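Data first, discussion second: the structure below is written as structure tokens.
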Amino acid sequence: MSDHSGLHRHREDARAAVPTLVVTVSDTRTLETDTGGALAESLLAEAGHPVVRRQIVPDEPEAIEAALRAGLAEQGVSALLFTGGTGVAPRDVTPDTVEPLLERTIPGFGEIFRALSYEEIGSAALLSRALAGIAGGRVVFVLPGSRGAVRLALEKLVLPELGHLAAEAVKTRPTAS
């Protein structure tokens with residue numbers, strides 16, 4: 001029998017409510033037609049995590065980076081959740097834009113997400129470049145934009161660990177000297 005006391009101690013430090021910014025990366029969606037972003041907002045709110053704002057940005061590296069930097073600078077935001085632009089098509093640049101700005105990556109997130117996706121959609125799961133990491137004392141997720149992928153990621157991975165990850169991310173925030 002293994003000792004899980006360290007895990008339990010970390011979970012005790014978990015934050016009950018994690019204010020989150022939801023950013024959908026799409027050239028075609030609007031707030032009204034963005035069903036993946038709307039589902040993310042709904043699932044977060046149901047779990048007690050307020051959505052500070054939901055926005056749409058085009059599939060352009062500059063727009064994605066600007067949204068990430070603005071979210072990291074925004075007071076009261078503890079997590080950023082990007083949906084869309086995670087495939088292998090030429091315009092799918094969300095992971096390529098976000099990853100270099102992360103101070104730490106969480107490789108297990110993408111690995112487990114793809115394994116869970118494989119159970120649902122088969123070999124097409126390998127096309128996902130979902131990722132997670134920490135930047136500026138905040139946790140950052142990059143998810144595919146489909147409702148199925150958003151539901152899977154949030155229900156199986158993000159929501160069970162969001163409070164814990166947000167508490168740990170704050171510990172990485174650089175302090176002014």
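The values are calculated or read from the model by the stated rules, or taken from the named source; none is laboratory data. What you see is a predicted model, and the numbers here were worked out from it, not measured in a lab. All Cβ positions, even for glycine, are placed from backbone atoms using ideal geometry, and neighbour counts span all protein chains on display.
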Report, by residue number, each residue of the range 121-135 that is β-branched (Val, Ile, Thr) and either within 17 Å of GLU161 (Cα to Cα) or buried (at least 22 other Cβ atoms within 10 Å of the Cβ) (or both). ILE134
In this structure, is ARG138 of a type in the set (D, E, K, R), under 23 Å from VAL77 (Cα atoms), surrounded by 17 or more Cβ atoms within 10 Å (Cβ to Cβ) and modelled with pLDDT of 95 or more? yes
Give me a count of the residues in the range 85-123 that are within 13 Å of PHE141 (Cβ to Cβ) and among the hydroxyl-bearing types (Ser, Thr, Tyr). 3
Name the single residue that is farthest from the chain's Cα centre (by Cα) among those in the range 69-101 being over 19 Å from VAL57 (Cα atoms) and without any contact (Cβ under 8 Å) to a residue 60 or more places away in the chain. GLN75
Taking the range 23-41 and keeping residues of a type in the set (D, E, K, R), more than 19 Å from THR97 (Cβ to Cβ) and surrounded by fewer than 18 Cβ atoms within 10 Å (Cβ to Cβ) leaves GLU32
The residue that is farthest from GLY163 (Cα to Cα), considering only those in the range 70-85 that are of a type outside the set (Gly, Ala, Ser) and crowded, with 24+ Cβ neighbours inside 10 Å, is THR83
Sole miss for TYR118 among (1) closer than 20 Å to GLY87 by Cα; (2) touching a Gly at 6+ places or on another chain (Cβ under 6 Å) is condition (2)
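On the given criteria, is ARG54 outside any loop (DSSP other than H, G, I, E, B), touching a residue at least 24 places away in the same chain (Cβ under 8 Å) and in contact with an Asp or Glu (Cβ under 8 Å, 6 or more places away or on another chain)? First the steps, then the outcome.
Details: outside any loop (DSSP other than H, G, I, E, B): yes; touching a residue at least 24 places away in the same chain (Cβ under 8 Å): yes; in contact with an Asp or Glu (Cβ under 8 Å, 6 or more places away or on another chain): yes.
Yes, satisfied.
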What number goes with the only condition from (1) part of a loop (DSSP other than H, G, I, E, B); (2) at pLDDT 95 or above; (3) over 14 Å from VAL150 (Cα atoms) that GLU62 does not pass? (1)
